[in-house]
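Engineer: Let me give you the structure first, and then I'll get to my questions.
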Amino acid sequence: MGLRQYSPRIIPWRYTQAQQLAAIAAALHGQVTHNDPMKRGSATVALHEDAAHHLTAAVLRVRALDRAGAVRERLGQNILEDTDMACVVDTAGRFLGIVPFAELFRLPPDTVLGDVMQRCTAVTADEDQEKVASVALQHGLASVPVVDTEGQLLGVVPARALMLILRHEHVEDIHHLAGIRHETSMARRALDAPSLSRVRDRLPWLLLGLLGSILATALMGQFEATLQQHLALAFFIPGLVYLSDAIGTQTEAIVVRGLSLAHVGMGRLLAGELRTGLIIGSLLGGLTLPLVWLTFGDLRLAIAVGGSLVVAGVLATGVGLLLPWLLTRLGRDPAYGSGPLATVVQDVLTLLTYFFIVRYLY
């Protein structure tokens, strides 16, 4: 029975127009669908990373004028793959809202579902799976409704698919943080992968790290005379570089996926991270300055170290945000802006800051 011939009965999912549309969407993406929910239940996240790949049409569809008691009585007539919520549609099958099952079972029998349904965001079939998971988290949804371009309900991305998506994205991010170029099944089993395969995935970004190390060494060589005259200046280089990398890594871990999931502008994200970096750097610099002064008896050295930490905090958070953003603008995965590449940039900028302050003070 098509959606336009909807009667007061709950629509059997095997005969809905939404099921047909879902099958068409799946065919366009080159995937195979199963009418048997038990077969679909074993599906795993594959190469297709959109809502259509995770879609199930076996959901409870009700009208806005249906009453809770009548809907509960007819539940046994349907084979449902998602039992988190009932989706409210109009006579044309357009999505209107949801009624969670937990609420459906405690409503008085005469309650009109349209009066208690919750308005929520739906996604289109071609929406990226990461955005689908973001919508679920932002709106507290166990399942995410999926509609076509005309707003007709195709089905939902169920809870189990959302868990697979989140796991997939988490593993992918971990690999990118380590500088691994592609998130594949072999990368996910990195310990079992051949050594040459592991080298191929990691080496390109580590070569950038090597070039950065050469640049940092050359930079320190320009201040050889200053370091010889004031040996204590060299004591703090490892600590400054480490703290800069640590601050940047925190930013990368938070922002690397926030760029694709966040619903705020880039300017607001950048301003927030820079303020965070300034506060962190100021606190670290404020703690370090008196300790260095008391230990070495050199106020200029203490100011150089403390001031470098303040500036490094701002620079590290800026790099941790701007590099992934830049790679996103270039059409690359934002996670590539983390790990080895960001570390190189942060190290060089921290050294430049430190030696600039040292040159000014000494």
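Engineer: Quick check: at a probe of 1.4 Å, how many percent of the accessible area of the range 194-257 sits on carbon and sulfur atoms?
Structural biologist: Details: 2700 of 3850 Å².
Within the range 194-257, the accessible surface is 70 percent carbon and sulfur.
Engineer: Can you pull the accessible area of Asp90 for me, 1.4 Å probe, Å² to the nearest 10?
Structural biologist: 40 Å²
Engineer: Extension gain Leu270-Gln138, at 0.36 nm per residue separation less the Cα-Cα distance, in nm? It would help to have the intermediate numbers written out before the result.
Structural biologist: On the way: separation 132, 0.36 × 132 = 47.52 nm, distance 2.08 nm.
Using 0.36 nm per residue and subtracting the Cα-Cα distance, I get 45.4 nm.
Engineer: Next question, about the same structure. Could you work out the local net charge near Thr343, counting Lys and Arg as +1, Asp and Glu as -1, over the other residues with Cβ closer than 10 Å to its Cβ? List each step's numbers first, then the result.
Structural biologist: Numbers: positive: none; negative: Asp245, Glu252, Asp347.
Result for the neighbourhood of Thr343: -3.
Engineer: A further question on this structure: Using DSSP to call loops (not H, G, I, E or B), can you name the chymotrypsin sites (Phe, Trp or Tyr not before Pro) in the range 47-121 whose Cβ has at most 14 other Cβ atoms within 10 angstrom? Walk me through the intermediate numbers first.
Structural biologist: Details: sites: Phe95, Phe101, Phe105; in loops: Phe105.
Listed in order of number, the matching sites are Phe105.
Engineer: Still on this model: Return the Rg/Rh ratio of the range 64-177 with Cα-based radii and a Kirkwood Rh.
Structural biologist: Working: Rg = 15.7 Å, Rh = 15.2 Å.
That ratio is 1.03, to two decimals.
Engineer: Give me, ordered by chain and number, the residues 5 or more places off Ala86 or on other chains with an amide H under 5 Å from its own placed amide H.
Structural biologist: Long-range HN contacts for Ala86: Val99, Phe101.
Engineer: Can you compute the FRET efficiency between Thr91 and Arg160 using 1/(1 + (r/R0)^6), with r the Cβ-Cβ distance and R0 = 30 Å? Round to the nearest 0.05. Walk me through the numbers on the way to the answer.
Structural biologist: Numbers: r = 31 Å, r/R0 = 1.04.
Computed FRET efficiency for Thr91 and Arg160 comes out at 0.45.
Engineer: Kindly state, to the nearest 0.05, the FRET efficiency for Ser282 paired with Arg329, given R0 = 25 Å and r defined as their beta-carbon distance. List each step's numbers first, then the result.
Structural biologist: Details: r = 31 Å, r/R0 = 1.23.
E(calc), rounded to 0.05, equals 0.25.
Engineer: Follow-up question, since we're still on this one. Using a 1.4 angstrom probe on heavy atoms only, work out the carbon and sulfur share of the accessible area of the range 91-140 in %. Can you show the working numbers first?
Structural biologist: Details: 1230 of 2490 Å².
Accessible surface attributable to carbon and sulfur in the range 91-140 totals 49 percent.
The values are calculated or read from the model by the stated rules, or taken from the named source; none is laboratory data. Owing to the predicted nature of the structure, the values given are computational and were not obtained by experimental measurement. A quick note on method: Cβ atoms are made from the backbone with ideal geometry, for glycine too, and the neighbour counts reach across all protein chains shown. For accessibility, only protein heavy atoms count, side chains too; no ligands or nucleic acids. Shrake-Rupley method; radii C 1.70, N 1.55, O 1.52, S 1.80 Å.
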